[in-house]
Every structure is written in structure tokens, then in C-alpha cells.
1. Condition test on residue 24, is it closer than 24 Å to residue 119 by Cβ, acidic (Asp, Glu), open to solvent by 60 Å² or more (accessible area, probe 1.4 Å) and part of a loop (DSSP other than H, G, I, E, B)?
2. Quick check on the range 38-52. Is at least one of its residues open to solvent by 20 Å² or more (accessible area, probe 1.4 Å), over 23 Å from residue 100 (Cβ atoms), over 17 Å from the mean Cα position of the chain (by Cα) and free of Cβ contacts under 8 Å to residues at least 12 places away in the same chain?
3. Given (1) of a type in the set (Gly, Ala, Ser); (2) surrounded by 14 or more Cβ atoms within 10 Å (Cβ to Cβ); (3) under 16 Å from the mean Cα position of the chain (by Cα); (4) not in a strand (DSSP E or B), where does residue 71 come up short, assuming only one miss?
4. Whether any residue in the range 128-148 is of a type in the set (Ser, Thr, Tyr), open to solvent by 20 Å² or more (accessible area, probe 1.4 Å) and more than 21 Å from residue 65 (Cα to Cα) is what I want to check.
5. Among the numbered criteria (1) assigned to a strand (DSSP E or B); (2) open to solvent by less than 80 Å² (accessible area, probe 1.4 Å), which single criterion is violated by residue 14?
6. Looking at the range 79-103 only, could you name the residues that are aliphatic (A, V, I, L, M), open to solvent by less than 30 Å² (accessible area, probe 1.4 Å) and not in a loop (DSSP other than H, G, I, E, B)?
7. Given the options 121, 111, name the one that is touching a Lys or Arg at 6+ places or on another chain (Cβ under 8 Å), surrounded by 14 or more Cβ atoms within 10 Å (Cβ to Cβ), assigned to a strand (DSSP E or B) and not aromatic (Phe, Trp, Tyr).
Amino acid sequence: QRLADGNTFVGECSSGRLLEVAADGSVAKEVRLLPQGQDGGHVFMRNARRLADGHFLVAHYGAEVVREYDGDGKQVWEAKAPGGAHSVVRLPNGNTAMATGDLHQDPRLIEVDAAGTVVWEVSNRDLPGAPLRFLSGFHRLLNGNTLISNWLGHGNRGKAPLLLEITP
């Protein structure tokens, strides 16, 4: 994620590190969510975002949660993400949207409020042909629709669309 100061934010999955990397490649900031040397495995975190206030949103796939951490790595918020959070974004209205994977064969896009209460979601129950397999990313468009990337691994190649645009 490119930051306003020109640095690039990177989340390292297995090591649990959140890094801000300067243009010259040096590490400008490092926050560890796991102790040095501990390997969280490939399901520890899938996507992370730095927020404008310096906090971090992290999609913890294996734990099936999204967590917000302050600038020092202290957890300040959590919301459930059944199926395994893969991508997460804080929306302009203050809600948090997350795309989930296929841990329970029920991938969905979920929007929660500050209390972690689901205020909107879309799943295969809502779409003809049940096209969702593993939601690996999404982008809320200016027109209010959402573009969803649908990963087709785990034997689903060719069985569903790779991208879907859905209305609210």
C-alpha cells in the first residue's frame, strides 16, 4: 500500500511483521505482531492495511478475525470473519469490509460497524448460480457497487467467474 509520505506499507504473512519501507528500500518502521523467530504459517495474515491515523487493519485468515492494531501493535478492535478473512478495508463511512475465503465453504463479503455487527453482506445465498468460491479481494466503486475478485483454486478453476461486480 503506497502511503501519503511516499513509503510503502507491507504486511509479511508468516513472520507477522508490518513494515513501512522507504523509497530507498530501508525499513522506516517495523511492528511485530508475532515474536521474532515465531512462524505464524501461511494462514496467520493474508492482507493488511495502514489507516490514516497510523493504525493497522489485519485480516487474520486462520483465526477467522479482522483486527485493528495501534501504531505500536497493540490490538484495539476485533471483528469475526467466518470463513477466514483474506482482504480488509476501512470504508469512508467508518465501517469495515472484509472478503472471506473458503474455510467453511461459505465465502462472503461482509461489512461490519464499529461494534463488529454485520450491517451488510453478500454470499452465495444472494447470487444466482452460487458463483463465490474464495473472495481474495474487493474494491468498493464510486457508484456504490463492489468489484470482487474470486480466486478459483482448490479445484474450482473454470467453474465460476474470476471477477464479479455487484450492486448494494
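1. On the way: closer than 24 Å to residue 119 by Cβ: no; acidic (Asp, Glu): yes; open to solvent by 60 Å² or more (accessible area, probe 1.4 Å): yes; part of a loop (DSSP other than H, G, I, E, B): yes.
Answer is no for this residue.
2. Looking only at the range 38-52, we keep the residues that are open to solvent by 20 Å² or more (accessible area, probe 1.4 Å), and these are 38-44, 46-47, 49-52.
Narrowing further to those that are over 23 Å from residue 100 (Cβ atoms): 38-39, 52.
Now restrict to residues that are over 17 Å from the mean Cα position of the chain (by Cα): 38-39.
Within this subset, residues satisfying the condition of being free of Cβ contacts under 8 Å to residues at least 12 places away in the same chain are none.
Taking every residue of the range 38-52 in turn, none turns out to be open to solvent by 20 Å² or more (accessible area, probe 1.4 Å), over 23 Å from residue 100 (Cβ atoms), over 17 Å from the mean Cα position of the chain (by Cα) and free of Cβ contacts under 8 Å to residues at least 12 places away in the same chain.
3. (3) is the only condition that residue 71 fails.
4. Among the residues of the range 128-148, not one is of a type in the set (Ser, Thr, Tyr), open to solvent by 20 Å² or more (accessible area, probe 1.4 Å) and more than 21 Å from residue 65 (Cα to Cα), which makes the answer no.
5. (1)
6. Within the range 79-103, the subset aliphatic (A, V, I, L, M) is 79, 81, 85, 88-89, 91, 97-99, 103.
Right, trim to open to solvent by less than 30 Å² (accessible area, probe 1.4 Å) and you get 79, 81, 85, 88, 91, 97-99.
Scanning the range 79-103 gives 79, 85, 88, 97, 98, 99.
7. Details: 111 fails: touching a Lys or Arg at 6+ places or on another chain (Cβ under 8 Å).
None of the others qualify; the one that does is 121.
Here's the yes/no breakdown for (1) over 18 Å from residue 105 (Cβ atoms); (2) touching a Cys at 6+ places or on another chain (Cβ under 7 Å); (3) not in a loop (DSSP other than H, G, I, E, B):
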site	(1), (2), (3)
131	no, no, no
136	no, no, yes
144	yes, no, no
156	no, no, no
160	no, no, no
168	yes, no, no
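The values are calculated or read from the model by the stated rules, or taken from the named source; none is laboratory data. Keep in mind that what you see is a predicted model, and the values were worked out from it rather than measured. Using ideal geometry, Cβ is built from the backbone for each residue, glycine included, and neighbour counts are taken over all protein chains shown. Each accessible area value is taken on the protein alone, full model and side chains, heavy atoms only, with ligands, DNA and RNA left out. Shrake-Rupley method; radii C 1.70, N 1.55, O 1.52, S 1.80 Å.
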